[in-house]
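*Asks:* Sharing a structure here in structure tokens format.
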Amino acid sequence: MALVALGVTGGIGAYKAVEVARGLQKHGHDVAAIMTRSARRFVGEITFEAITRRRVITSQWRPGANADIEHISLASDIALLLVAPATAGAIGRFAGGIADDFLSALYLATRAPVLMAPAMNTNMLEHPAVRANLATLGARGVQFVEPGAGYLACGWIGKGRLAEPDEIVEAAQRVLQPSGSLLGRLIVVAAGPTYEDIDDVRYIGNRSSGKMGYAVAAEAVRRGARVILVSGPSSLTPPSGAELIRVRSAAQMHTAVLRHALDADMVVMAAAVADYTPERRTAGKIEKADAPLELALVRTPDILADLGRARGGGSAPVLIGFAAESGDPAERGRQKLLRKGADLMIANDISAEGLGFDSDLNAATLISRDGTEAFPAGLKTALAAVILDRAEALLAPQTT
Ligand code: C5P
């Protein structure tokens, strides 16, 4: 099938990379393992050699390895460079273009897609240096299998544990053999709340968790689409395979969505975009006083309506919006569909107990130009599938 370079770096999750190698082989792929020096402190190279039935690359200085400049020849032969686990060090070397070992040289030399499964202590993962490096790599097209949350080897409970081998293999499969009803489509999903800063400390936000939008993004990835997920502040783990753009304010979301919308086949506005933002942001912290504080708020741009206008009479991208309402959601949703020029509106009643905001459940009415359809209370993941079923029917046929 395909030759996959599996880079194993020095994290405790290195032992799980053995299972990743086996999983790739089960799909018929050939695996060339590359171990960094610190990876070999966790797992012996013989383990990978026995499983992959290939010499394990541990250094570019090994005699014989330079007859064909191994990192260059391997770079052109592989269909994927997968790094699991990817330590903060490996992520930093890749981001900085520092080719001081075989793996980082291979990263610079290859034009194959790159998939990384980060694993590290929670604080390391959240460090601005690591976050900046991840963002740099993401902007270059590197894809990630997000680390999970749970018990970490260092004794902490938090985010940073290497994703499970099955999940990593599945993500690799998606890169190697993309398939699904949305293959070749670009879908932009906006999710989560927006935060409108009042000063350097305070902001106006809302209770959206991002669950609905993240569920749509995950389902679209499963169906083979290229997904750009524009997310307001959310603590959710983004679906692996989606390209994540983090934003904070409605204005930033507007810019990010519009930048990609013209090339997109579909835009799903599942975000709870703030309708108002402070007229001006105060530097520092507004001192409290006994007198009431008056804030002047101005309207934010309506992203969905702008997309509807930008599309003019055309039918691409397909536009999907959400309407959170507390009175007659179906009728108000229909009005919004027409006013904003959308193709499908998902209206839900936010006054229903246990549904909607911050819940895994939702009940909704799907409103299109042709009529309405009820989705009784169910999982947001199930609603995401129904939404994409309906939206797919609205897509123009693909031109090849
Ligand atoms: O007008 P309302 O906020 O109820 O409309 C909700 C829909 O419009 C959602 O799909 C939301 O993402 C989108 N919206 C937007 N820009 C705004 C406000 C809402 O795109 N400024």
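The values are calculated or read from the model by the stated rules, or taken from the named source; none is laboratory data. Predicted model, so just to flag it, every value in this text is computed and none were measured. Ideal geometry is used to build each Cβ from the backbone, glycine not excepted, and the neighbour counts take in all protein chains shown.
*Asks:* Hey, does the stretch 326-342 have a residue that's under 18 Å from Ala191 (Cα atoms), crowded, with 23+ Cβ neighbours inside 10 Å, near the ligand (Cβ under 10 Å from one of its atoms) and not aromatic (Phe, Trp, Tyr)?
*Replies:* yes
*Asks:* Of all the strands (runs of 3 or more DSSP E) wholly in the stretch 46-157, which have at least 1 residues that are surrounded by fewer than 17 Cβ atoms within 10 Å (Cβ to Cβ)? Even if it seems obvious, please write down each step before you answer.
*Replies:* Numbers: elements: 80-86, 114-118, 148-151.
Correct list: 148-151.
*Asks:* Out of all the residues in the stretch 289-303, is one or more near the ligand (Cβ under 10 Å from one of its atoms) and crowded, with 20+ Cβ neighbours inside 10 Å?
*Replies:* Initially, the stretch 289-303 is screened for residues near the ligand (Cβ under 10 Å from one of its atoms), giving 299-303.
After this cut, where a residue has to be crowded, with 20+ Cβ neighbours inside 10 Å as well, the list is 303.
There is at least one residue in the stretch 289-303 that is near the ligand (Cβ under 10 Å from one of its atoms) and crowded, with 20+ Cβ neighbours inside 10 Å.
*Asks:* Which condition does Asp200 not pass, out of (1) out of contact with any Phe, Trp or Tyr (no Cβ under 9 Å at 6 or more places or on another chain); (2) of a type outside the set (Ser, Thr, Tyr); (3) within 30 Å of Ala391 (Cα to Cα), if it passes all the others?
*Replies:* It fails just one condition, (3).
*Asks:* If Asp306 meets every condition in (1) surrounded by fewer than 17 Cβ atoms within 10 Å (Cβ to Cβ); (2) more than 10 Å from the ligand (Cβ to nearest atom) apart from one, which number is that one?
*Replies:* (2)
*Asks:* Let me ask something else. When the residues of the stretch 90-103 are filtered to those that are at pLDDT 95 or above and touching a strand residue (DSSP E or B) at 6+ places or on another chain (Cβ under 9 Å), which remaining residue is farthest from Thr9 (Cα to Cα)? It would help to see each step written out before you state the result.
*Replies:* Taking the stretch 90-103 and keeping what is at pLDDT 95 or above, we get 90-98, 103.
When the remaining residues are screened for being touching a strand residue (DSSP E or B) at 6+ places or on another chain (Cβ under 9 Å), the result is 90-91, 94, 103.
On the way: Ala90: 7, Ile91: 10, Phe94: 12, Leu103: 9 Å.
Filtering the stretch 90-103 for residues that are at pLDDT 95 or above and touching a strand residue (DSSP E or B) at 6+ places or on another chain (Cβ under 9 Å), the one farthest from Thr9 (Cα to Cα) comes out as Phe94.
*Asks:* Just to be sure, is Arg259 over 26 Å from Arg311 (Cβ atoms) and outside the structural domain of Ala172 (by TED's automatic domain parsing)?
*Replies:* Values: over 26 Å from Arg311 (Cβ atoms): no; outside the structural domain of Ala172 (by TED's automatic domain parsing): yes.
In short, no.
*Asks:* Sticking with this structure for a sec: How many residues are surrounded by 20 or more Cβ atoms within 10 Å (Cβ to Cβ) and free of Cβ contacts under 8 Å to residues at least 12 places away in the same chain when one looks only at the stretch 223-269?
*Replies:* Within the stretch 223-269, residues that are surrounded by 20 or more Cβ atoms within 10 Å (Cβ to Cβ) and free of Cβ contacts under 8 Å to residues at least 12 places away in the same chain number 0.
*Asks:* Let me ask something additional. I need every pair where a residue in the stretch 176-192 that is within 15 Å of the ligand (Cβ to nearest atom) has its Cβ under 6 Å from the Cβ of a residue that is hydroxyl-bearing (Ser, Thr, Tyr) and part of a strand (DSSP E or B), sequence separation at least 6 or different chains.
*Replies:* What qualifies is Ala191/Ser231; Gly192/Ser231.
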